[in-house]
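For reference, the structure is listed below as structure tokens.
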Amino acid sequence: MISFKRLGWLAAIVLLLLAVPLVAMQLTKEVNWSISDFVIAGSLLFITGMACEFIYRKVKASPLKWLWIGLVLLMLVLIWAELAVGIFGSPWAGN
């Protein structure tokens, strides 16, 4: 079970990362996120963080641990890219 301290750190990191587009929206018109964009991005980041935490705590072999964490991060990047610009052309692409 994840401790409240680690959960708090994870939530703080997610909020800090979401502050980047929020500040960018104030400085330029090129960044235009809606509330749903923030919810989806926050969910993706939080779920990815929880998955990495789970892998880090449960997988004992160090090379295998980092391989799994790398795969989770790769999945995050691919999903984020698909939602942003539609690199695969799926129905939920963001182009």
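Residue-by-condition table, conditions (1) under 25 Å from residue 3 (Cβ atoms); (2) assigned to a loop (DSSP other than H, G, I, E, B); (3) acidic (Asp, Glu):
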residue: 16; (1), (2), (3): yes, no, no
residue: 22; (1), (2), (3): no, no, no
residue: 36; (1), (2), (3): no, no, no
residue: 40; (1), (2), (3): no, no, no
residue: 50; (1), (2), (3): yes, no, no
residue: 55; (1), (2), (3): yes, no, no
residue: 60; (1), (2), (3): yes, yes, no
residue: 80; (1), (2), (3): no, no, no
residue: 91; (1), (2), (3): no, yes, no
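The lone criterion from (1) surrounded by 14 or more Cβ atoms within 10 Å (Cβ to Cβ); (2) under 22 Å from residue 11 (Cα atoms); (3) at pLDDT 95 or above left unmet by residue 80 is number (3). Residues in region 29-43 include none that are more than 22 Å from residue 93 (Cα to Cα) and not basic (Lys, Arg).
Among the residues of region 48-67, are any surrounded by 16 or more Cβ atoms within 10 Å (Cβ to Cβ), farther than 17 Å from residue 9 by Cβ and aliphatic (A, V, I, L, M)? Within region 48-67, none of the residues are surrounded by 16 or more Cβ atoms within 10 Å (Cβ to Cβ), farther than 17 Å from residue 9 by Cβ and aliphatic (A, V, I, L, M).
The values are calculated or read from the model by the stated rules, or taken from the named source; none is laboratory data. Note that the structure is a prediction, hence the values are computed from the model and not measured. Quick reminder, even Gly has a Cβ in these numbers, built from the backbone with ideal geometry, and neighbours come from all protein chains shown.
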